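Notes follow the structure.
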Amino acid sequence: MKNDFSRRRFMGLGLAAGASAIAAKTILLDPDPVYALPQNVAASDRLRIGIIGIGMQGNGLLANAIDLPGIQCVAACDLYDGRHVLAREITNNPNLPVTRKYHELLDNKEIDCLIAAVPDHWHKQIVVDACAAGKDIYCEKPMSHTAAEGVDFVEAQNKYKRIVQIGSQRVSSQICAKAKQLVQEGVLGDLMMVEGWLGRNDPTGAWEYPPPLDLSPATLDWDTWQGTVPKKPFNGEIFARWRCWKEYGTGVAGDLLVHLVSGMMVVLGWNEAPKKVMAMGGILRWKDGRNMPDVHASLFQYGDIPVYMRLNLGTDMPETYRFQGSKGILEMREFGLSFTPQPGVDTSPSYYDSSFPAAMKATYERQWRTEHARPIGQEPMPETIVFKGPDFDDVKPHLWNFFSSVKSRKPVVEDALFGHHAALACHMANESYFRGSAVTWDEKAKVVKS
């Protein structure tokens with residue numbers, strides 16, 4: 001990253017009492033990552049990928065993946081035929097091999113690695129099968145549909161020694177990297193609390209997606225799509241809006257909370273499940289037959305630190321983190337972050353002296369000013385420092401991280417264990433909501449307990 005702001009100058013901000021004034025500054029993070037630079041890649045060095053699921057998320061992953069140097073898509077799979085057409089349109093290859101059967105991609109020796117962007121209830125089976133078949137795989141978030149499935153993910157990754165990356169893309173962003181750097185340098189002092197929130201206020205944001213116009217049992221393998229879930233008659237809205245039902249998805253927790261949690265984990269260097277979760281909410285806005293809440297507020301305990309996360313599909317709010325420390329607040333949003341220092345000391349005599357008799361109060365205040373006041377013109381002036389950078393939801397850096405690891409065999413930033421811990425926070429939030437009580441994670445028994 002360019003234009004680094006030194007640790008010494010940042011620490012000076014936190015020591016506002018006695019510090020000289022520092023001019024406010026906006027710092028731009030390097031907008032030219034290596035992966036975006038023009039590169040000539042020899043045919044022998046190209047990665048040949050296959051993709052399973054070319055829906056709302058998958059089509060973007062495919063388009064971004066093949067826009068990276070040396071990445072070629074050689075096969076695509078989806079249970080809906082319209083997305084076979086879409087995959088060929090995205091790759092500009094009318095002869096791209098397409099199929100409804102993902103095992104054909106697992107058996108394809110030309111494929112070096114896979115991308116999976118399917119409903120949550122299909123994540124585990126596809127990823128475990130891919131690992132067993134010797135394929136590295138990038139799987140969309142949340143990693144698992146249940147806590148138990150997350151355990152299976154970790155076991156498969158370790159057993160078959162495959163590269164598994166989970167798709168909470170901001171963990172590869174420059175914004176999260178800068179925030180992590182600042183935390184490691186101690187600008188927050190002692191961490192007190194973390195807050196995060198995100199809100200939407202429109203039908204699309206609440207997953208009321210329009211089913212494809214030609215969707216029917218003829219164009220979609222509906223029985224296979226349902227997987228092991230109790231079978232229902234063909235329903236195009238369930239296909240398009242599966243996040244609304246816990247049988248197929250994980251609601252706002254798995255769609256949105258997992259991003260907040262994974263970003264927090266990478267910034268703070270945490271890779272663990274929360275000790276305890278208490279959640280509440282309800283279906284307050286979108287009464288369309290869904291069984292997952294559209295308002296979901298969760299209080300987590302990580303070690304001794306409380307973490308409060310709020311999701312709302314009835315009010316638009318920009319996605320925001322606030323890391324609260326004894327030396328100030330680090331706030332992170334989609335296109336940047338800021339640090340606002342706090343001296344953590346009294347800047348005037350204590351208002352408690354209003355309970356002193358007048359003469360005592362006057363003596364106390366004179367003594368306080370003698371010991372603490374600064375000469376006129378030398379008062380501390382701590383100011384906010386702002387960093388601006390590329391969108392932390394840009395998926396290209398995260399895909400590039402995965403593809404680089406496939407080549408180098410070095411660890412990814414978000415492997416199955418990290419993904420398991422991030423997903424566990426979401427599963428625990430959902431379990432707390434449905435049980436109506438606080439829950440904990442029993443690491444030995446590998447179960448969520450009330």
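Just one of (1) within 30 Å of A117 (Cβ to Cβ); (2) surrounded by fewer than 20 Cβ atoms within 10 Å (Cβ to Cβ); (3) small (G, A, S); (4) in contact with a strand residue (DSSP E or B) (Cβ under 6 Å, 6 or more places away or on another chain) trips up G419, so point out which.
(2)
So for region 353-369 (the condition being modelled with pLDDT under 90 and assigned to a loop (DSSP other than H, G, I, E, B)), does at least one residue qualify? So that I can check it myself, show each step before the final result.
Filtering region 353-369 for residues modelled with pLDDT under 90 gives none.
No, region 353-369 contains no residue that is modelled with pLDDT under 90 and assigned to a loop (DSSP other than H, G, I, E, B).
Across region 423-450, what is the total count of residues that are farther than 14 Å from T146 by Cβ and out of contact with any His (no Cβ under 7 Å at 6 or more places or on another chain)? Spell out the reasoning first.
Looking only at region 423-450, we keep the residues that are farther than 14 Å from T146 by Cβ, and these are 432-433, 435-438, 440, 442-445, 449-450.
Imposing the further condition that a residue be out of contact with any His (no Cβ under 7 Å at 6 or more places or on another chain) reduces the set to 432, 435-438, 440, 442-445, 449-450.
Result for region 423-450: 12.
Those residues that are assigned to a strand (DSSP E or B) and either more than 18 Å from D255 (Cα to Cα) or charged (D, E, K, R) (or both), I need them from region 278-299; list them, please.
Within region 278-299, the first condition is being assigned to a strand (DSSP E or B), and the residues that meet it are 278-282, 295-299.
Of everything in region 278-299, just one residue is assigned to a strand (DSSP E or B) and either more than 18 Å from D255 (Cα to Cα) or charged (D, E, K, R) (or both), namely M278.
May I ask you to list the residues in region 69-100 that are on the phi < 0 side of the Ramachandran plot, at pLDDT 95 or above and assigned to a loop (DSSP other than H, G, I, E, B)?
D78, L79, D81, N93, P94, N95, L96, P97, R100
Taking L220 as meeting all but one of (1) within 28 Å of R322 (Cβ to Cβ); (2) touching a strand residue (DSSP E or B) at 6+ places or on another chain (Cβ under 6 Å), write down the number of the exception.
All conditions pass for L220, except number (1).
Provide a single number: the residues in region 311-337 that are surrounded by fewer than 15 Cβ atoms within 10 Å (Cβ to Cβ) and over 22 Å from R200 (Cα atoms).
Selection size over region 311-337: 1.
Can we say A438 is among the small types (G, A, S), in contact (Cβ under 8 Å) with a residue 40 or more places away in the chain and closer than 18 Å to K141 by Cα? Working first, answer last.
Working: among the small types (G, A, S): yes; in contact (Cβ under 8 Å) with a residue 40 or more places away in the chain: yes; closer than 18 Å to K141 by Cα: no.
Criteria not met by A438.
Here is a yes/no grid of residues against (1) crowded, with 21+ Cβ neighbours inside 10 Å; (2) closer than 11 Å to A416 by Cα:
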{"site": "A130", "(1), (2)": "yes, no"}
{"site": "C139", "(1), (2)": "yes, yes"}
{"site": "H145", "(1), (2)": "yes, no"}
{"site": "V151", "(1), (2)": "no, yes"}
{"site": "C176", "(1), (2)": "yes, no"}
{"site": "V187", "(1), (2)": "yes, no"}
{"site": "D190", "(1), (2)": "no, no"}
{"site": "M193", "(1), (2)": "no, no"}
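Could you say which residue among W207, W225, W197 is touching a residue at least 24 places away in the same chain (Cβ under 8 Å) and assigned to a loop (DSSP other than H, G, I, E, B)?
Details: W225 fails: assigned to a loop (DSSP other than H, G, I, E, B); W197 fails: assigned to a loop (DSSP other than H, G, I, E, B).
Of the residues listed, the single one that is touching a residue at least 24 places away in the same chain (Cβ under 8 Å) and assigned to a loop (DSSP other than H, G, I, E, B) is W207.
For region 234-253, how many residues are in contact with a helix residue (DSSP H, G or I) (Cβ under 7 Å, 6 or more places away or on another chain) and closer than 13 Å to L215 by Cα?
2
Given (1) under 25 Å from V171 (Cα atoms); (2) surrounded by fewer than 16 Cβ atoms within 10 Å (Cβ to Cβ), identify the lone condition not met by M280.
M280 satisfies every listed condition except (1).
Exactly one condition in (1) farther than 28 Å from V395 by Cβ; (2) within 26 Å of the chain's Cα centre (by Cα) is not met by Q169; state its number.
Result: Q169 passes all but (1).
Give the residue that is surrounded by the most Cβ atoms within 10 Å (Cβ to Cβ), with candidates limited to residues of region 370-406 that are assigned to a loop (DSSP other than H, G, I, E, B) and acidic (D, E).
Of all residues in region 370-406, those assigned to a loop (DSSP other than H, G, I, E, B) come to 373-384, 389-395.
Going one step further and asking which of them are acidic (D, E), we end up with 379, 383, 391, 393-394.
Details: E379: 12, E383: 15, D391: 16, D393: 16, D394: 20.
Out of the qualifying residues, it is D394.
I'm trying to understand the selection: among the residues of region 101-142, which are charged (D, E, K, R) and either part of a loop (DSSP other than H, G, I, E, B) or in contact with a helix residue (DSSP H, G or I) (Cβ under 8 Å, 6 or more places away or on another chain) (or both)? Walk me through it before giving the result.
Within region 101-142, the subset charged (D, E, K, R) is 101, 104, 107, 109-110, 112, 120, 124, 129, 135-136, 140-141.
Within region 101-142, K101, D107, K109, E110, D112, D120, K124, D129, K135, D136, E140, K141 meet the criteria.
Under the condition of being surrounded by 13 or more Cβ atoms within 10 Å (Cβ to Cβ), at pLDDT 60 or above and over 26 Å from the mean Cα position of the chain (by Cα), which residue from region 20-46 is farthest from L96 (Cα to Cα)?
K25
Might you check whether a residue that is farther than 23 Å from P217 by Cα and of a type in the set (V, I, T) occurs anywhere in region 90-99? Let's see the steps before the verdict.
The initial filter retains those residues of region 90-99 that are farther than 23 Å from P217 by Cα, namely 90-96.
Remaining after also requiring of a type in the set (V, I, T): 90-91.
Yes: region 90-99 contains one or more residues that are farther than 23 Å from P217 by Cα and of a type in the set (V, I, T).
What's the total number of residues in region 235-257 that are of a type in the set (V, I, T) and in contact (Cβ under 8 Å) with a residue 24 or more places away in the chain?
Initial filter on region 235-257 (of a type in the set (V, I, T)): 238, 250, 252.
Within this subset, residues satisfying the condition of being in contact (Cβ under 8 Å) with a residue 24 or more places away in the chain are 250, 252.
Of the residues in that region, 2 qualify.
The values are calculated or read from the model by the stated rules, or taken from the named source; none is laboratory data. All figures in this text were calculated on a predicted structure; none of them were measured in a lab. Reconstructed Cβ throughout: ideal geometry from the backbone, glycine too, with neighbour counts over all protein chains shown.
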